[in-house]
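The values are calculated or read from the model by the stated rules, or taken from the named source; none is laboratory data. This structure is a prediction, so every number in the text was calculated from the model and none was measured. For neighbour counting, all protein chains shown are included, and Cβ atoms are generated from backbone atoms with ideal geometry for every residue, glycine included.
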Number of protein chains: 2
Amino acid sequence: MTAEGEGTNPPVAGANVPEGEGSNETEAPTTSSPPVKQTKCVLLTGFGGPKYLRVQLKDQRTVGKGEIAVEVEACGVGFQDLMMRQGLLDFLSKPPFVMGSECCGKVAEVGEGVTKFKVGDEVIVLCDNGAWTEHLVVRAIPEDPSESGTEHMEGPGNAAPLALVLHKPTSVSANQAAAFLMSYLPAYLLLHNVACVRSGDIVLVHSAGGGVGTAIGQLAKLIPDVKLIGTASTTKHENLHQFYSQLIGSTQDYVAEVKKEHPNGVTVVLDSRSGEDTNKSLGLLQPLGRYIVYGNSSFVTGERKNLFNFAKSWIQMDRINPLKLLEENKCLGGFSLKQMLFRQHHTSVVFEAWKALQQLLVEGKIEPIVDSEWSFEEAKEALHKLQDRKNFGKVVISPKLKPKEPEQEKKAEESAPTGTKRASDSAGAATTTSATTS
Amino acid sequence: MTAEGEGTNPPVAGANVPEGEGSNETEAPTTSSPPVKQTKCVLLTGFGGPKYLRVQLKDQRTVGKGEIAVEVEACGVGFQDLMMRQGLLDFLSKPPFVMGSECCGKVAEVGEGVTKFKVGDEVIVLCDNGAWTEHLVVRAIPEDPSESGTEHMEGPGNAAPLALVLHKPTSVSANQAAAFLMSYLPAYLLLHNVACVRSGDIVLVHSAGGGVGTAIGQLAKLIPDVKLIGTASTTKHENLHQFYSQLIGSTQDYVAEVKKEHPNGVTVVLDSRSGEDTNKSLGLLQPLGRYIVYGNSSFVTGERKNLFNFAKSWIQMDRINPLKLLEENKCLGGFSLKQMLFRQHHTSVVFEAWKALQQLLVEGKIEPIVDSEWSFEEAKEALHKLQDRKNFGKVVISPKLKPKEPEQEKKAEESAPTGTKRASDSAGAATTTSATTS
């Protein structure tokens, strides 16, 4: 958790703001205009290690036409946030920007023309980034795309970013809701729309103990006669046995272990890592099998962006000749929820999945698993827990929480389901008083 | 249809038997043993042009334990047969061997232990090759794989080859049945098991007028709200409009034509050609789209095997990085029925598909389309019709037919649905009297 050696990773020009100093954009409220409210958020000041995460105050954005403001209660933390911090995702804005893809909160204000939401509604939000804030202003993606057409997707130059905004079901807590969309939507779409998992399928899931892995576990149990095999740290196996019929340690040779119980291989592989060579997973598939890549967590090799390792992983990934797939009767596919929502604007299938998931929540057939809850100031520690693969289910951060005192911290450690050890220098980034306009 | 220039294509060593000469294996019946019955078949004597196809007499195989003999009525001719003749498929035996993958006939004899079939049963057969014969001896793939396990798949060294043997539904003619399996099984499995076509899908089918293309047309109509787009010679468009909502000429730019009606692209591409660069078809897919290659007919560039063109096509096919599929939310897959049945022994899914297809036949919901019927001696002309993409539906050859007289031929031409022009030197290969033991 220390920043040693990070000096070798040059900060992005103009993006890194030394702690405690305001950015050039800082604008002190003048006496002539009403005072601008300040909002606490977790800012990324440059791509790299934990020191580029900073809790900071920003001017609150006003709500424009078709926009809503959400007073945030809790935010989901995912592996994608770790990759975002390290600059390993495509289509990232230039820092500084507010981190985070999902949160839960109450509608605080609605702009002109908003009819679907009213002040006081509890909502859950999935956005491209910017979710780790006290006060979030977004435009909701319309459920019926004909409602507003492309111009809604584009929006005027100063429009708030698009986000998936949904009413929070009453049966889930704010923490559960904050970490729901980035786990259950991918899990549902992977099973039903991408890999088309059916009765009789044998499904291998990598990183079974994470947010998506546990969601896949719960959702796949609802399809009759599906066998789930998971890879996960052995410390998580006990908790995972309720969903997975076979569990393989993260450091074991999963091909050999799968073949012990299933000599003919599996029918589906769901791979959030992309690291192992593709031919290894393709070789494990039965005829008509589907291998789906939905993440590249294996590209995260340390705390900082390592361009050399990244490039090596990319280059070394097997390219596949379609005729090999023809000869072997196999399918190779990829899935990225955020690409689909925010770059491809392919949204109807997401609303359909949400309807199905809502129903399952109401019926109590799925139960989001929250690993632990942290303050904004502890975002670094929260991410570190993911990086160490110590989480079981989802990690949540909240602007309403204060950083734990050493005493509390010790208790939290004891009660944490996977016995996480948090760094002792948990002070993290101090909340700075500098403000930037958004 | 002439063999000019074929001298440049060296015959496979030891495989080419000059017409009218018996092979070394020829064994004249001796007076001491009962006379061995002779069976007419279409033999491939070497990989290359039409001259390597020969109608010949072979000794009839006797029926061993677990085997059945079928008196063949009609045989299906497919694009794979053209590729087999040219040696463009993997896993081909060394010529000479009997051509053909499917036929229809009556069970003439059953070996010890056969309970599923009895003499007189009308059956349809799909085999790896060897179907173009008067008298076919095979072992039926068991419906329940536990019935006989792997040793059934392997069989003793002199065992008859494995084949899918099914009872012919009474509602279809012998010609329809002979050409049913290699069209409707791939079409069904592609739609339901590989591409998982659902309501709302927009499906682009290449070579829509062929056997599989017309079968896909009929089967996709049974899935509500599926839009079918086909590419086919313009002469076939009139007949295809009953199944396909948009038809594109074979020589048109299909990407541009599809985009005219569907600016966002399609959800599924079913490609029997493999020739166009893969990125072109992937680029036409909507997010969550599936591009399935199930043939490589574009590799057939002339009457003879052209290794240079073949290698060029193979090398030029785009290799795909799985991370590209992740970024674009797309799937790439392959399907080969014969690979699955005869190399991978993955059979249960085929019997399931057959059950569904039988039901559809009984209900009159599908109606196999036969393009034309030819004698064994006209096998060259039958294949030539496929190569010229002149067929609408399936081409059939029969050991029961005599080659057409010039008079008949003219009439057949006039009544042929797509106005096929048959070569005037239709004498084809004369039936030789030499015999080879199998």
**OP:** Tell me which residues, restricted to the range B:329-343, are at the interface with chain A (Cβ under 7 Å from one of its Cβ atoms) and either assigned to a helix (DSSP H, G or I) or surrounded by fewer than 20 Cβ atoms within 10 Å (Cβ to Cβ) (or both).
**Re:** B:GLN339, B:MET340
**OP:** Would you please name the residue that is farthest from A:VAL349 (Cα to Cα), looking only at residues in the range B:181-208 that are out of contact with any Leu (no Cβ under 6 Å at 6 or more places or on another chain) and more than 14 Å from chain A (Cβ to nearest Cβ)?
**Re:** B:MET182
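Could we say that A:LEU247 is assigned to a strand (DSSP E or B), modelled with pLDDT of 90 or more, touching a Leu at 6+ places or on another chain (Cβ under 8 Å) and within 14 Å of another protein chain (Cβ to nearest Cβ) here? Break it down stepwise before answering.
On the way: assigned to a strand (DSSP E or B): yes; modelled with pLDDT of 90 or more: yes; touching a Leu at 6+ places or on another chain (Cβ under 8 Å): yes; within 14 Å of another protein chain (Cβ to nearest Cβ): no.
Taking the combined requirement at face value, the residue does not satisfy it.
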Original post:
With respect to B:LEU222, is the statement that it is in contact (Cβ under 8 Å) with a residue 40 or more places away in the chain and touching a helix residue (DSSP H, G or I) at 6+ places or on another chain (Cβ under 8 Å) true?
Top reply: yes
**OP:** Within the range B:250-275, track down each residue that is surrounded by fewer than 18 Cβ atoms within 10 Å (Cβ to Cβ) and in a helix (DSSP H, G or I).
**Re:** B:VAL255, B:ALA256, B:GLU257, B:LYS259, B:LYS260, B:GLU261
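Is it the case that A:VAL194 is more than 12 Å from A:GLU102 (Cα to Cα) and crowded, with 24+ Cβ neighbours inside 10 Å? Outline the logic, then answer.
Numbers: more than 12 Å from A:GLU102 (Cα to Cα): yes; crowded, with 24+ Cβ neighbours inside 10 Å: yes.
Criteria met by A:VAL194.
Residue by residue, here is whether (1) modelled with pLDDT under 95; (2) over 19 Å from A:PRO368 (Cβ atoms) holds:
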{"position": "A:THR133", "(1), (2)": "no, yes"}
{"position": "A:PRO156", "(1), (2)": "yes, yes"}
{"position": "A:LEU164", "(1), (2)": "no, no"}
{"position": "A:PRO169", "(1), (2)": "no, no"}
{"position": "A:SER173", "(1), (2)": "no, no"}
**OP:** Just name the residue that is surrounded by the most Cβ atoms within 10 Å (Cβ to Cβ) out of those in the range A:385-398 that are touching a helix residue (DSSP H, G or I) at 6+ places or on another chain (Cβ under 7 Å) and part of a helix (DSSP H, G or I).
**Re:** A:LEU386
**OP:** Kindly provide the set of residues from the range B:325-377 that are of a type in the set (Lys, Arg) and free of Cβ contacts under 8 Å to residues at least 12 places away in the same chain, ordered by number.
**Re:** B:LYS355
Subject >> Count - residues of the range B:84-137 that are closer than 23 Å to B:MET340 by Cα and acidic (Asp, Glu) >> reply: 3
**OP:** Go through (1) more than 9 Å from chain B (Cβ to nearest Cβ); (2) at pLDDT 95 or above; (3) more than 30 Å from A:LEU162 (Cβ to Cβ) one by one and return the number of the condition A:LEU282 breaks.
**Re:** (2)
Subject >> Residue check, B:VAL17 closer than 30 Å to B:LEU386 by Cα, at pLDDT 50 or above and of a type in the set (A, V, I, L, M, F, W, C) >> reply: no
Original post:
Looking at B:MET83, B:MET99, which one is within 14 Å of another protein chain (Cβ to nearest Cβ) and either surrounded by 19 or more Cβ atoms within 10 Å (Cβ to Cβ) or of a type in the set (A, V, I, L, M, F, W, C) (or both)?
Top reply: B:MET83
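Test of understanding: among B:SER93, B:SER101, which residue is modelled with pLDDT of 95 or more and closer than 25 Å to A:GLU328 by Cβ? Walk me through it before giving the result.
Numbers: B:SER93 fails: modelled with pLDDT of 95 or more.
Testing whether each residue is modelled with pLDDT of 95 or more and closer than 25 Å to A:GLU328 by Cβ leaves just B:SER101.
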